[in-house]
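Asks: Let me give you the structure first, and then I'll get to my questions.
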Amino acid sequence: MKQTAAYWIKKLNLTEHIEGGAFSETYRSKQILAQAHLPDTFHGDRACSTAIYFLLQKGQFSALHRIASDELWHFYTGDPLEIIEIKPSGVLSVHTLGPDAEAGEMFQCLIEAGSWFGSRIKNGGEYALAGCTVAPGFDFADFELADRNQLEGLFPQHADIIRPLTR
């Protein structure tokens, strides 16, 4: 039996995420990397790694944002999830997480540090439950939510993608 989004939100104690969807932090390394040993894109010491559960429902989206770390996405259950990535060079990629390898879906994908990215349920889907592992660990000090006008100014060729993934 396929579980519902409401089931997973309750079971995993997910709460609203600033970028959209719902999440719960499941891991934060006790080992700390000093800021002096990190690139200047980090604004303080960081845990070596962090992990979260992340759930999107039909009609929701994760707004385009960027962080200072690499982020590895993992598919767990539900419907396929599209992760849209715009690299600093302007190259656009759409990664599809899901269980159907024959349809080009993957169980994992990597979003490189500094890329703009957001996500949405693939057309026709109800929800997707994924996980995200970040290294060095996530901190909101390194989080930047995209400004629609600024991002369209940088990447006008992707305006049709940027518009529906920004608030």
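The values are calculated or read from the model by the stated rules, or taken from the named source; none is laboratory data. Computed from a predicted structure; not experimentally measured. We place every Cβ from the backbone using ideal geometry, glycine too, and count neighbours over all the protein chains shown.
Asks: For a quick check of your reading: which strands (runs of 3 or more DSSP E) sit entirely within the range 51-115 and have at least 3 residues that are farther than 27 Å from Leu38 by Cα and within 15 Å of the chain's Cα centre (by Cα)? Walk me through how you get there before you give the answer.
Replies: Numbers: elements: 61-66, 70-78, 81-86, 92-97, 108-111.
By residue number, 92-97.
Asks: Taking only the range 27-76 into account, find how many residues are of a type in the set (A, V, I, L, M) and closer than 24 Å to Gln150 by Cα. Give the derivation first.
Replies: In the first step, residues of the range 27-76 are kept if they are of a type in the set (A, V, I, L, M); the result is 32-34, 36, 38, 47, 51-52, 55-56, 63-64, 67-68, 72.
If we keep only those that are closer than 24 Å to Gln150 by Cα as well, we get 63-64, 67-68.
Qualifying residue count for the region: 4.
Asks: For the range 90-102, state whether one or more residues are loosely packed, with under 15 Cβ neighbours inside 10 Å, free of Cβ contacts under 8 Å to residues at least 12 places away in the same chain and among the acidic types (Asp, Glu).
Replies: Checking the range 90-102: at least one residue is loosely packed, with under 15 Cβ neighbours inside 10 Å, free of Cβ contacts under 8 Å to residues at least 12 places away in the same chain and among the acidic types (Asp, Glu).
Asks: Does Ala22 satisfy being closer than 17 Å to Phe143 by Cα, touching a helix residue (DSSP H, G or I) at 6+ places or on another chain (Cβ under 6 Å), small (Gly, Ala, Ser) and modelled with pLDDT of 95 or more? Even if it seems obvious, please write down each step before you answer.
Replies: On the way: closer than 17 Å to Phe143 by Cα: yes; touching a helix residue (DSSP H, G or I) at 6+ places or on another chain (Cβ under 6 Å): yes; small (Gly, Ala, Ser): yes; modelled with pLDDT of 95 or more: yes.
Here the answer is yes, as Ala22 does meet what is asked.
Asks: Hey, among Phe61, Phe42, which residue is touching a Gly at 6+ places or on another chain (Cβ under 6 Å), touching a residue at least 24 places away in the same chain (Cβ under 8 Å), surrounded by 15 or more Cβ atoms within 10 Å (Cβ to Cβ) and among the aromatic types (Phe, Trp, Tyr)? Reasoning before the result, please.
Replies: Numbers: Phe42 fails: touching a Gly at 6+ places or on another chain (Cβ under 6 Å).
From the options Phe61, Phe42, the qualifying one is Phe61.
Asks: Another question about this same structure. Quick test for you: out of Arg167, Arg120, Arg163, pick the one residue that is touching a helix residue (DSSP H, G or I) at 6+ places or on another chain (Cβ under 9 Å), over 15 Å from Ile52 (Cβ atoms) and at pLDDT below 95. Reasoning before the result, please.
Replies: Working: Arg120 fails: at pLDDT below 95; Arg163 fails: at pLDDT below 95.
Just a single option satisfies the conditions, and that option is Arg167.
Asks: Working only within the range 128-167, note down all residues that are part of a loop (DSSP other than H, G, I, E, B) and without any contact (Cβ under 8 Å) to a residue 24 or more places away in the chain. Don't jump to the end; show me each part of the working.
Replies: We begin by selecting, within the range 128-167, every residue part of a loop (DSSP other than H, G, I, E, B); these are 136-139, 143, 146-147, 155, 166-167.
Across the range 128-167, the qualifying residue is only Asp147.
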